[in-house]
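Okay, structure first, notes after.
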Amino acid sequence: MKKRNVIAITLISIGVASIVAAITIVYSFNPLTHNNPVDESLTNFFYNNRSKVFGGIMYIISFLGEALVYIGILLLFYYLYDKKKTYRAMILLVTSTVINVSTKAAFNLDRPETSLQYGHNPEETLFQPADEISSGIPSGHTQMSTTFWGSLMILIRKWWMVVVGLIFAFLIGFSRIALREHWFTDVIMGLGIALIILAVYLLIKDPVENFIDSRTTFVKILLCIAMFIVFAVPVIFLQYNRVENDSELISESLKLITLFTTVSISYAIEGKLVNFHTDIDKWWKYLARILIGAAFFAAFYFSLSELFGLIIINVGWNGIELTLDLIGYAILGPLVILLAPWVMMKLKV
């Protein structure tokens, strides 16, 4: 049996076991109150032993699991390492996001009580995080971080990447329990789903990639549009008539899906328009690419935020904020995949 298949079967086995364990623990008791001894004991332990230093460290680690951080890391890999592998990692990240949002909607179970969470206890709070209002199981941070770092481990296949990936994936999942933002069962279910996503990718990546690579640019663009529909429909449909938290969940998910779609379309035509490469022969060119990429991203993000802020203040339409956000994320795709690399190629860095 191929090594890849052995790894995939192992990941699926661990993933299924984690999901079954989480569901068994939750539904053996009252799932609406999470009054099972495993979740309650761990959450109460970290609440009773809270401290400012530990809470601050866990908050910083947890922040590293935000989508914006992953977008930044992926852009660095795109400009400095391998654009094809970076795009594959993005596919896995967005797929995992859609599955996570859909699964949250399906279970619709609460997180730990707000009074227990980090940020609501003055004696431990170094930072004031935004309130987490989405459903609990499975943990989004855990699932995203495991998918993200796992995909990099699969694609880069270096010992240092394995070490870094395992450390970050573990710490981010652990931080969600330590901050009482999620129950233990939320975290292990997020872990289990991510492992299955990675295993499926290992099994299907070669035939799927060969099929896509052999298509024309026009067909690739059509596939990008089809992927947007496939990703967006379940997010909107499963969230639409649930609870008052739906709008934020839908908004964040759709922004990421929109960005991924325009990145995909830009990536499909990039070879003909820019033909960006990552063959760098001087150390200072790495720095130059980082600065150019950061400048484009920052200029876009902050200037657009200011512009949209003025529009939102002066326009009374309830959907204006989400609409402008989606437009902004749509513009960001060609900006970072086409325009920034074009500038780098013209400057010969």
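The values are calculated or read from the model by the stated rules, or taken from the named source; none is laboratory data. Computed from a predicted structure; not experimentally measured. No Cβ is skipped: glycine too gets one built from the backbone with ideal geometry, and neighbour counts run over all protein chains shown. For accessibility, only protein heavy atoms count, side chains too; no ligands or nucleic acids. Shrake-Rupley method; radii C 1.70, N 1.55, O 1.52, S 1.80 Å.
General remarks:
- Just one of (1) open to solvent by 70 Å² or more (accessible area, probe 1.4 Å); (2) in contact (Cβ under 8 Å) with a residue 40 or more places away in the chain; (3) more than 25 Å from residue 140 (Cβ to Cβ) fails for residue 211. It is (2).
Per-residue answers, yes or no, for (1) polar (S, T, N, Q); (2) farther than 30 Å from residue 202 by Cα; (3) surrounded by 14 or more Cβ atoms within 10 Å (Cβ to Cβ):
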residue: 6; (1), (2), (3): no, no, no
residue: 11; (1), (2), (3): no, no, yes
residue: 28; (1), (2), (3): yes, yes, no
residue: 75; (1), (2), (3): no, no, yes
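- Total residues in segment 30-41 satisfying the condition of being assigned to a helix (DSSP H, G or I) and open to solvent by less than 70 Å² (accessible area, probe 1.4 Å): the figure is 3.
- Filtered residues of segment 172-188 (kept if assigned to a helix (DSSP H, G or I) and either of a type outside the set (A, V, I, L, M) or open to solvent by 10 Å² or more (accessible area, probe 1.4 Å) (or both)): 173, 174, 175, 176, 177, 184, 185, 186, 187, 188
- Some residue of segment 17-24 being outside any helix (DSSP H, G or I) and in contact (Cβ under 8 Å) with a residue 12 or more places away in the chain: no
- For residue 104, the criteria (1) part of a loop (DSSP other than H, G, I, E, B); (2) charged (D, E, K, R); (3) within 18 Å of residue 193 (Cα to Cα) hold in every case but one, which is (1).
- Filter result for the condition that a residue is at pLDDT 80 or above and within 12 Å of the chain's Cα centre (by Cα), over 69, 162: 69
- Residue 169 being open to solvent by 10 Å² or more (accessible area, probe 1.4 Å) and small (Gly, Ala, Ser): yes
- Exactly one residue out of 109, 93 is part of a loop (DSSP other than H, G, I, E, B) and under 19 Å from residue 187 (Cα atoms), and it is 109.
- Selection status of residue 147, within 19 Å of the chain's Cα centre (by Cα) and modelled with pLDDT of 85 or more: yes
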